[in-house]
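> Handing you a structure now.
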Amino acid sequence: MKPTPKSKTIARALLAWFDAERRPMPWRETRDPYRIWVSEIMLQQTQVKTVIPYYQRWIASFPTVEKLARARENTVLKHWEGLGYYSRARNLHRAAKEVVREHDGRVPDTLDGILSLPGIGRYTAGAVLSIAYNQPVPVLDGNVKRVVSRLFGLMENGATRKSETRLWEHAGSLLPATRPGDFNQSLMELGATVCLPQNPMCLLCPIAKHCEAFKQGEPERYPPPKQQPETKKIEVSAAIIQKEGKVFIQQRPRDGLMGGLWEFPGGKREKKENPEDCLIREIQEELGVTVAIREKLMTLKHAYTRFRVTLHAFTCDIESGRLRPTHCERWRWVRHRDLDKYTFPAANVKIVKHLKENGSS
Ligand code: SF4
C-alpha cells in the first residue's frame, strides 16, 4: 500500500508528538545497529523499565558484536538470567558469531541479510533497518498492531497469517520516506503510553482526528481479542543434595527447553504421587541414587509461558547408589558462594538466593 496524503499527515503528527514526548532510553541514544538489535530482542515481551539495567550490563560487558561473539556461552546466559526465554540470548550469541564470521563484524543492512541471522524475525529486522540504517521498513509489534487496528478500524489481531499480512500492509502504508526509524518508534511509543489496551487516552492522542475507532466511540473494541492458550498447572520437586559443604547442580541439555542452564535435579509429579515420593523417584531415574530427604526447604510458585508451576525444594543426602547422572549435559558439586557463577532458571534462582542467605549446608 502506498502512502496517501492522509498517511503523510498522520506521519507528520506522530513525528512531532514523538519529538516532544519520547521517553529517554539508553538505546535511543545510539544508531549502532548491534545495540539496537540487543535492545529489541530484550524488549520482546518485557517492559522497558525491566530491560534498562539488563541492557546496560550487557553493553558494559559486550560493547561490540565482536566482544559478544568471543564471550563464553555461560557468561552470555548469566547476563540474561531473569529475563527468561533463554533461546533469545543463545540466538543473539550465535548470530553475533555469524556476523563476525560472514559479514566482517558488520550487522547486515539488507532485509535478506539480517533475516538470515538466528533469532531475527521480521519485526526485529524492521526495527534495526529503520532505526540504525534509516531504511523505510515497517515494524509490527503488539503495540503497533493495536494502534494500526484502531486507526484504520480493522477487526484484525494478527492471529492468522492473513490478518498479520493486512496489519503489516497498513503499517507500511503509513511509513514516511524520511525518518522511518523515528516514525516506527513513535508508533510503538504511542501504543505503549497513549493507545493503551484498556482506557486509551484518546484526548491526548496526536492522531485522534484520523482514528476510525475513536470516531466510532469504542476504541477498545479494536483489535478483537485473541484466543488465549490454556494455562497448565504442574507440580515439580527439586533436590538440594548436599555433601561436604557443596551442593549438586546439573546443566540442562543444550537443545531442549532452557537448554544450557544449570538447575537442581528433580522433575514433575505424577498422578497420585506426593512431592516427596516424586523427588525420590526422579532422583533415582536421573542420577541413579537413592536420597534421604532431610527437610523441606521451600515451596514456590512461578509462571513461564503457559505453565503455572509449583516447585517443592527439599534438602537431602545420598543414601545409597553410585552417582550416574544421565539427563544432563554436565554436573558439578559447588560451594554455595560459587553458585552465582552459574546461570539458573528463575525458580532455581530463588533457591540459590535462599541457600546463600541462610547459609544452609
Ligand atoms: S485516538 Fe485513541 S484509539 Fe485512536 S490511535 Fe489514538 S489513542 Fe488509539
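> Residues that are touching a residue at least 24 places away in the same chain (Cβ under 8 Å) and among the hydroxyl-bearing types (Ser, Thr, Tyr): list the strands (runs of 3 or more DSSP E) wholly contained in segment 248-348 that include at least 2 such residues.
Values: elements: 266-268, 290-304, 307-320, 331-335.
In segment 248-348, the matching strands (runs of 3 or more DSSP E) lie at 290-304, 307-320.
> Counting only residues that are among the polar types (S, T, N, Q) and outside any loop (DSSP other than H, G, I, E, B), which one in segment 164-181 is nearest to residue 222 (Cα to Cα)? Can you show your working first?
Quick first cut of segment 164-181, residues among the polar types (S, T, N, Q) only: 165, 173, 178.
Of the ones still in play, those that are also outside any loop (DSSP other than H, G, I, E, B) are 165, 173.
Working: 165: 17, 173: 19 Å.
In this case the residue turns out to be 165.
> Then there's this: Being at pLDDT below 95 and closer than 30 Å to residue 324 by Cβ is true for just one of 265, 253, 229, 275. Which residue is that?
253
> Now for a different question. Quick one: residue 117 ticks every box in (1) modelled with pLDDT of 95 or more; (2) surrounded by fewer than 20 Cβ atoms within 10 Å (Cβ to Cβ) except a single one, so which number is it?
(2)
> Inside segment 195-205, can you point out the residues that are more than 29 Å from the chain's Cα centre (by Cα) and either aliphatic (A, V, I, L, M) or more than 8 Å from the ligand (Cβ to nearest atom) (or both)?
203, 204
> Next question, about the same structure. Could you please give the count of residues in segment 175-205 that are polar (S, T, N, Q) and in contact (Cβ under 8 Å) with a residue 24 or more places away in the chain?
4
> Check residue 177 against each of (1) within 13 Å of the ligand (Cβ to nearest atom); (2) surrounded by fewer than 22 Cβ atoms within 10 Å (Cβ to Cβ); (3) among the hydrophobic types (A, V, I, L, M, F, W, C) and name the one condition it does not meet.
(1)
> Moving to a separate point now. What are the pairs, 6+ residues apart or on separate chains, where a residue within segment 206-217 that is outside any helix (DSSP H, G or I) has its Cβ under 7 Å from a residue that is among the charged types (D, E, K, R)?
Going by the 7 Å Cβ cut-off, the qualifying pairs are 211/150.
> On to the next question. Within segment 138-163, take every residue that is surrounded by fewer than 22 Cβ atoms within 10 Å (Cβ to Cβ) and in a helix (DSSP H, G or I) and give me the one that is farthest from the ligand (Cβ to nearest atom).
161
> Please determine, by comparing only the residues of segment 218-247 that are charged (D, E, K, R) and assigned to a strand (DSSP E or B), which one is nearest to the ligand (Cβ to nearest atom).
Restricting to residues being charged (D, E, K, R) and assigned to a strand (DSSP E or B), the top hit is 232.
> I'd like to know if segment 265-274 contains one or more residues that are of a type in the set (S, T, N, Q), away from the ligand (no atom under 16 Å from the Cβ), surrounded by fewer than 17 Cβ atoms within 10 Å (Cβ to Cβ) and more than 30 Å from residue 149 (Cα to Cα).
Taking every residue of segment 265-274 in turn, at least one turns out to be of a type in the set (S, T, N, Q), away from the ligand (no atom under 16 Å from the Cβ), surrounded by fewer than 17 Cβ atoms within 10 Å (Cβ to Cβ) and more than 30 Å from residue 149 (Cα to Cα).
> Another question, then. What tally of residues in segment 83-112 results from selecting those that are closer than 17 Å to residue 32 by Cβ and not hydrophobic (A, V, I, L, M, F, W, C)?
Residues of segment 83-112 that are closer than 17 Å to residue 32 by Cβ, as a first pass: 92, 95-96, 99-100, 103-109.
With not hydrophobic (A, V, I, L, M, F, W, C) added as a condition, the list becomes 103-106, 108-109.
Total satisfying the criteria: 6.
The values are calculated or read from the model by the stated rules, or taken from the named source; none is laboratory data. Please read these numbers as outputs of a predicted model, since none were measured by experiment. Neighbour counts are summed over all protein chains in view; Cβ atoms, including those assigned to glycine, are modelled from backbone coordinates with ideal geometry.
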